[in-house]
1. Which members of region A:282-300 meet the condition of being crowded, with 24+ Cβ neighbours inside 10 Å and over 30 Å from A:Ser201 (Cβ atoms)?
2. For the structure I just gave you, tell me whether A:Lys247 is under 24 Å from the mean Cα position of the chain (by Cα), within 14 Å of chain B (Cβ to nearest Cβ) and basic (Lys, Arg).
3. How many of the residues in region B:152-199 are farther than 30 Å from A:Ser218 by Cβ, of a type outside the set (Phe, Trp, Tyr), in a loop (DSSP other than H, G, I, E, B) and over 13 Å from the mean Cα position of the chain (by Cα)?
4. Suppose we filter B:Arg275, B:Arg311, B:Arg239 for residues that are more than 8 Å from chain A (Cβ to nearest Cβ), surrounded by fewer than 23 Cβ atoms within 10 Å (Cβ to Cβ) and free of Cβ contacts under 8 Å to residues at least 24 places away in the same chain; which single one remains?
5. Out of the residues in region B:345-361 that are among the acidic types (Asp, Glu) and in a helix (DSSP H, G or I), state the one that is surrounded by the fewest Cβ atoms within 10 Å (Cβ to Cβ).
6. For region B:200-236, give me each residue that is in contact with a Gly (Cβ under 8 Å, 6 or more places away or on another chain), within 11 Å of chain A (Cβ to nearest Cβ) and assigned to a loop (DSSP other than H, G, I, E, B).
7. Mind checking which pairs have a first residue in region A:133-151 that is at negative phi and a second that is in a helix (DSSP H, G or I) and aliphatic (A, V, I, L, M), Cβ under 6 Å, 6 or more apart or different chains?
8. Scan region A:133-154 and give yes if some residue there is touching a Pro at 6+ places or on another chain (Cβ under 9 Å) and either surrounded by fewer than 23 Cβ atoms within 10 Å (Cβ to Cβ) or not assigned by TED's automatic domain parsing to the domain that holds A:Ile199 (or both), otherwise no.
There are 2 protein chains.
Amino acid sequence: MSNQTGSVGVVTPQRFVFEQPLQLDCGRSLPHYELMVETYGRLNAQASNAVLICHALSGDHHAAGLHAPDDKKPGWWDNCIGPGKPIDTDRFFVVALNNLGGCKGSTGPTSLNPETGLPYGPDFPLLTVSDWVRSQARLADRLGIRQWAAVIGGSLGGMQVQQWSIEFPQRVRHAVVIASAPELSAQNIAFNEIARQAILSDPDFHGGHYAAKGVVPSRGLKLARMLGHITYLSDEAMRAKFGAELKSATPAFNFDVEFEVESYLRHQGQSFVDRFDANTYLLMTKALDYFDPARDAGGSLLAAYRKASARFLVIAFSSDWRFSPARSREIVRALVAAGREVSYALIDSQLGHDDFLMPIAQYHGVLRAYLQRVAEEVA
Amino acid sequence: MSNQTGSVGVVTPQRFVFEQPLQLDCGRSLPHYELMVETYGRLNAQASNAVLICHALSGDHHAAGLHAPDDKKPGWWDNCIGPGKPIDTDRFFVVALNNLGGCKGSTGPTSLNPETGLPYGPDFPLLTVSDWVRSQARLADRLGIRQWAAVIGGSLGGMQVQQWSIEFPQRVRHAVVIASAPELSAQNIAFNEIARQAILSDPDFHGGHYAAKGVVPSRGLKLARMLGHITYLSDEAMRAKFGAELKSATPAFNFDVEFEVESYLRHQGQSFVDRFDANTYLLMTKALDYFDPARDAGGSLLAAYRKASARFLVIAFSSDWRFSPARSREIVRALVAAGREVSYALIDSQLGHDDFLMPIAQYHGVLRAYLQRVAEEVA
């Protein structure tokens with residue numbers, strides 16, 4: 001029986017090693033790569049119930065469950081993945097991975113470069129969403145999954161979903177694109193550029209070779225993360241969460257924390273420095289900037305989606321200003337024009353872009369209903 | 001006769017020295033201060049045609065005209081101030097100044113501290129909008145202006161206008177509040193905080209004593225300005241201006257400039273470093289954060305505006321997301337509730353917050369018509 005609030009319990013990440021070189025869009029190739037993976041639920045005999053979860057900028061393979069019984073925090077999408085949850089592990093075999101270029105165990109800038117025996121650092125190739133999708137396709141091969149029942153992702157994850165549907169149309173039955181965009185806007189790129197400049201201009205960056213110097217560009221990475229957080233939250237949510245009230249009745253007239261929002265941002269920035277790699281951050285922002293399936297199809301998003309054959313669910317959040325509902329509607333319009341079958345849900349939300357990670361009833365209801373139909377197709 | 005596109009011509013800034021100590025909100029006082037000022041037009045015999053221009057974050061006293069006949073660029077609001085222009089120097093005596101704490105000649109962090117004989121640097125007191133208004137009131141006294149025909153300002157300048165109307169009700173006949181807000185939102189404060197952290201964490205900042213070290217925190221100040229620019233432009237304007245297209249047909253896979261918007265931001269950031277002081281930037285952002293007339297009136301904006309007696313013109317721009325029209329409507333609603341006379345104009349605009357500096361026909365038409373009536377009162 002499904003438990004509506006079930007957990008997948010304690011999970012153990014698996015390392016998948018790929019010895020065949022992976023040709024990358026930048027022209028270089030990786031002779032060897034590894035992916036850290038978690039799976040939840042059981043693959044059925046026809047291998048027709050597999051769901052791929054694509055992570056966003058700072059996500060990883062630990063999407064659900066715990067790594068130890070006394071873990072304080074579950075995986076990043078635990079509220080949505082589990083027995084009886086919208087992505088129901090009683091029905092689906094769910095695969096989550098840390099993307100190539102990441103810093104949570106998959107091959108990336110912190111990995112050893114076999115040519116030098118030292119960490120790649122800035123010599124790790126910059127990647128595209130397509131590179132990720134092709135590396136994920138090999139993972140699917142390894143797992144014996146010819147076609148995903150669904151590929152699901154939010155934000156940058158939603159870009160991977162789009163790319164999957166275009167590049168491997170026969171391997172995606174349903175594409176669930178959440179809080180995403182068909183490409184970055186100039187403003188999105190501007191935010192990324194400032195985040196990159198914060199890291200690149202940090203004297204502790206050392207051209208990316210900071211590990212060899214025994215330092216991290218913590219100031220730059222902290223600023224980058226603080227800036228990211230502004231775009232993850234709506235103005236209204238910040239107002240509701242922090243207000244614009246001084247912590248004390250009168251100004252302190254110094255640069256200590258005076259407003260709640262300052263405290264929040266400094267904390268978010270600092271904790272990110274402790275768990276994330278700056279070269280990976282740079283790489284992830286570049287992959288975002290480069291994503292543009294229309295460019296790859298002669299300037300036409302419609303032409304790009306003509307290659308797809310999946311059925312689509314596109315979900316946007318009313319309070320999201322990073323990838324606003326208007327960007328999701330661009331995707332929907334192009335899909336409709338391309339003759340694809342598409343459902344669109346606009347979720348009333350408050351928090352902003354981060355809402356795609358939240359257990360909003362309307363949102364989880366839409367996901368649950370859609371994926372129940374997907375599950376029935378494969379039952 | 002008015003020349004519709006007239007220039008005030010070559011102007012010479014004047015330095016006003018104030019020897020009487022100025023008590024500041026932070027509890028400290030300035031024993032002596034100087035203000036750099038420009039004036040355009042002629043004060044009439046009754047001193048009833050004076051208009052004060054309050055500048056925004058990075059503005060100064062050079063609002064109109066040229067400093068030399070071959071100057072490439074006129075003052076920052078030259079499109080609006082001059083003979084026959086909306087702020088008509090054939091009718092008004094226009095006063096513009098560099099605010100206290102500035103870095104364009106008025107007493108600020110780059111000035112010598114009389115107690116030490118060295119530049120104030122970070123020892124310059126943090127200021128409030130009220131401090132500025134009180135320093136400006138002394139300038140009015142010096143000029144023999146008992147009451148301004150109008151006090152006009154955009155953005156942070158509009159906050160000074162609000163403060164003038166509340167703190168010196170008898171000295172302001174008309175208050176023109178443009179693209180402003182009744183206080184910062186949490187998101188506004190968040191942007192300021194990241195800008196500050198960029199400067200404060202720059203190793204060349206040296207706790208603000210960078211001048212003594214012969215350096216400037218250029219990385220931090222550059223990041224701060226780049227970040228500011230994101231908030232000055234609408235997403236749509238960025239899209240129209242820069243698109244999200246790569247400069248070359250394919251990605252370069254490095255961190256050089258690849259998108260037009262990156263080039264724009266880096267240029268804006270760098271040129272700002274060459275003309276602005278980091279301690280002043282910090283001070284200006286804090287003055288923004290602290291502005292909150294409602295707090296000063298027991299938590300009620302209505303109560304704050306009850307003290308005012310000016311007539312108000314409030315102007316907002318549809319594409320402004322830094323201080324959106326909703327923020328201007330907060331001001332208007334409070335003014336109406338307080339029984340003040342207020343006109344409100346929402347200008348259809350594209351560029352974003354920066355539109356308050358642009359010669360938009362609808363905008364200048366509203367300003368011109370309003371100020372013509374003001375001029376007729378004093379004729």
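The values are calculated or read from the model by the stated rules, or taken from the named source; none is laboratory data. Note that the structure is predicted; figures quoted are calculated from it, not measured. Neighbour counts run over all protein chains shown; Cβ positions are idealised from the backbone, glycine included.
1. Answer for region A:282-300, where residues must be crowded, with 24+ Cβ neighbours inside 10 Å and over 30 Å from A:Ser201 (Cβ atoms): just A:Pro293.
2. No.
3. The total comes to 3.
4. Step by step, each of B:Arg275, B:Arg311, B:Arg239 is checked, and only B:Arg275 is more than 8 Å from chain A (Cβ to nearest Cβ), surrounded by fewer than 23 Cβ atoms within 10 Å (Cβ to Cβ) and free of Cβ contacts under 8 Å to residues at least 24 places away in the same chain.
5. Among those residues, the one meeting the criterion is B:Asp354.
6. B:Ser201, B:Asp202, B:Asp204, B:Phe205, B:Leu233, B:Ser234
7. A:Ala149/A:Val374; A:Ala149/A:Val378; A:Ala150/A:Val374; A:Val151/A:Val161
8. no
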